[in-house]
Amino acid sequence: MAKADLVLTRGPVHTGDAARTRASSLAVTGGRITAVGHDEVRELIGPSTEVVDLAGKLLLPGFQDAHIHAVFGGVESAACDLTGTVGVAEYLERIRAYAEAHPDREWITGSGWSLESFEGGLPTRQLLDSVVPDRPVHLTNRDHHGAWANTRALELAGLTRDTPDPADGRIEREADGTPAGMLQEGATALVARLVPPATAAERLTGLLRAQRLLHSLGITGWQDALLGEFNGQPDPSDAYLAAARSGALTARVTGALWWDRDRGAEQIPELVERRAELSHGRFRAGSVKIMQDGIAENFTAAMTSPYLDGCGCLTANSGLSFVDPAALCGYVTELDALDFQVHFHALGDRAVREALDAVEAARAKNGRRATRHHLAHLQVVHPDDLHRFARLGAVANIQPLWAAHEPQMDELTIPFLGPERAARQYPFGALQRAGATLAAGSDWPVSSPDPLAGLHVAVNRMEPGAVDGRVFLPEQRLDLASALAAYTAGSAHVNGHDDAGTLAVGQLADLVVLDRDILTGPPTEIADARVERTYVGGELVYVAE
């Protein structure tokens, strides 16, 4: 009997199969799983076998992230970092300190500030002017759907009270029409186009920085949700291709090619060419990202009925559909026929319906194909559309961390949705009960890439460390095994890795070891667990110090 390269034993081992089987030992040979079981697996231990004593620690399939921006996150982490606080004074101190530490930087850039920090979610140019008056400043907020600019940046971009809003965004203004310093959605590009882009070397460094972080969180593969130029940001594809060619890319990565919403079907041949060019080793780009709407906090998520104003009255605004819904059906049908997966950004219930309508049009024309289209974010889903996911084979790509009470939700979202629509938010449980396949992701750097934090919120519907005990729509909670399936088999499915996501003979040995068995511990302690080891194809890519 051939001996194994690696044996992990004295589990528990959560296989992630349909029966939710538990084992205690697992063997790996040639990068694939060759045995899953109990004491009999130890018979595969030979003189050159590496043996890992789990000593009661939990072995799981490696996590996969179905919606992330890894290169952007890695590059941003080297810029002015405003994450981890919501204090305006702390933001200003960090910006001032960063500017002083980088006197040669032409622009001060960074990300991570929260809308909840400012009244109405609207920071002002004057605040930035108070700490950096002489150089342009451009800082994206944590959800990356808006940017905060100082007066110098607005002047360099030529923005005045006479500058019209772009079709896909909004310039927030002072009483006389002067740009106030907050730019929404497509308006961010008016300034971002002037920001010196990250160099190819910086993009590659950012990718490798991100990969180290993601491996440390047990992530073995992901789908990068935006390959292309966007709001002045350069295309990160070259970083992936360089890392794949050199062997530095240890994760399995699927890339979603950006659909330029200012163009139409004429871009499809270019996407076909890019798919062929951007496939090497562990990197492939067989998905197309269509951003159908914005976000609820700035009233650009596309809704089936209007938003409310601060007094609770209906407005005339129901959000934005960035791609004409009728045209969308044609685009998706053509992409589907070419074996592209479509990765939709669909946050409001109208955007969700428009995306599902497009998938339905593709199915009607092309038949059922293994294209695995998926809708990401799904903040509001109309009850009439819940059962369409399973019927159409459209995957529900959830970002669990957002499904909790926190100031951005309670102050900037719920009051403007109204009680009926607010009660339909992040309907994970309802989607599962309707038969939808769930995948999970983080949208990092919008929010933490830590799958354990995401699992915690999916199960508890509360943020880790929440002390007020308020559960956000408890009927939408998932059990932990189902949430784990979304982060493993579900995401592996949309990422095109049928031989990953579960622990079974013949599957890829993409594995993560946690320091405790979260499946038997208190659900309120899921986020306290830590990753001890991460393997990709049986190769150790992370071990905790």
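The values are calculated or read from the model by the stated rules, or taken from the named source; none is laboratory data. Being a predicted model, the structure only gives us computed values, none of them experimental. Because the Cβ atoms are built from the backbone with ideal geometry, glycine has one as well, and the counts that use them run over all protein chains shown.
Some points to look at:
- Near pairs, Cβ below 7 angstrom, 6+ apart or cross-chain, from the range 194-207 (outside the structural domain of LEU156 (by TED's automatic domain parsing) and more than 11 Å from PRO236 (Cβ to Cβ)) to any residue that is of a type in the set (D, E, K, R) and in a helix (DSSP H, G or I): none
- Positions within the range 268-286 being surrounded by 15 or more Cβ atoms within 10 Å (Cβ to Cβ) and part of a loop (DSSP other than H, G, I, E, B), in sequence order: LEU278, GLY281, ARG282
- Enumeration of residues in the range 177-193 that are surrounded by fewer than 17 Cβ atoms within 10 Å (Cβ to Cβ) and either out of contact with any Lys or Arg (no Cβ under 6 Å at 6 or more places or on another chain) or outside the structural domain of ASN141 (by TED's automatic domain parsing) (or both): ARG193
- Screening the range 23-129 for strands (runs of 3 or more DSSP E) wholly inside it with 2 or more residues that are modelled with pLDDT under 95 and touching a helix residue (DSSP H, G or I) at 6+ places or on another chain (Cβ under 7 Å) returns the ranges 108-113.
- Taken over the range 245-267, the criterion of being over 22 Å from GLY186 (Cβ atoms) and either under 24 Å from the mean Cα position of the chain (by Cα) or crowded, with 17+ Cβ neighbours inside 10 Å (or both) is satisfied by ALA248, LEU249, THR250, ALA251, ARG252, VAL253, THR254, GLY255.
- Among the conditions (1) among the small types (Gly, Ala, Ser); (2) farther than 28 Å from VAL359 by Cβ; (3) free of Cβ contacts under 8 Å to residues at least 60 places away in the same chain; (4) not in a loop (DSSP other than H, G, I, E, B), GLY469 misses just one, which is (4).
- Extreme residue, surrounded by the fewest Cβ atoms within 10 Å (Cβ to Cβ), among residues of the range 443-462 that are assigned to a loop (DSSP other than H, G, I, E, B) and under 17 Å from the mean Cα position of the chain (by Cα): SER448
- Filtered by the rule that a residue be touching a helix residue (DSSP H, G or I) at 6+ places or on another chain (Cβ under 9 Å) and within 19 Å of ASP143 (Cβ to Cβ), the range 191-201 gives VAL191, VAL195.
- Filter pass, TYR307 being farther than 29 Å from TRP222 by Cα and either out of contact with any helix residue (DSSP H, G or I) (no Cβ under 7 Å at 6 or more places or on another chain) or among the aromatic types (Phe, Trp, Tyr) (or both): yes
- Hey, ALA436 surrounded by 21 or more Cβ atoms within 10 Å (Cβ to Cβ), touching a Cys at 6+ places or on another chain (Cβ under 7 Å), assigned by TED's automatic domain parsing to the domain that holds LEU338 and at pLDDT 95 or above or not: no
- Filtering ALA78, ALA89, ALA101, ALA55 for residues that are aliphatic (A, V, I, L, M) and under 16 Å from GLY11 (Cβ atoms) leaves a single hit, ALA55.
- Answer from LEU473, LEU452 - the residue that is over 16 Å from ILE219 (Cβ atoms), assigned by TED's automatic domain parsing to the domain that holds PRO400 and at pLDDT 95 or above: LEU473
- Residue that is farthest from the chain's Cα centre (by Cα) [pool: residues in the range 1-16 that are closer than 25 Å to THR250 by Cα and touching a residue at least 60 places away in the same chain (Cβ under 8 Å)]: ASP5
- Qualifying residues in the range 222-244 (those that are of a type outside the set (Asp, Glu), at pLDDT 95 or above and closer than 20 Å to LEU375 by Cβ) - the one surrounded by the fewest Cβ atoms within 10 Å (Cβ to Cβ): GLY228
- Residue among THR188, THR160 that is in a loop (DSSP other than H, G, I, E, B) and either polar (S, T, N, Q) or touching a helix residue (DSSP H, G or I) at 6+ places or on another chain (Cβ under 8 Å) (or both): THR160
- Verdict on THR524 being surrounded by fewer than 20 Cβ atoms within 10 Å (Cβ to Cβ), touching a helix residue (DSSP H, G or I) at 6+ places or on another chain (Cβ under 7 Å) and of a type in the set (Ser, Thr, Tyr): yes
- Filter result (out of contact with any Cys (no Cβ under 8 Å at 6 or more places or on another chain) and either crowded, with 22+ Cβ neighbours inside 10 Å or among the basic types (Lys, Arg) (or both)) within the range 72-110: PHE72, GLY73, GLY74, VAL75, GLU76, CYS80, LEU82, TYR91, ARG96, ARG105
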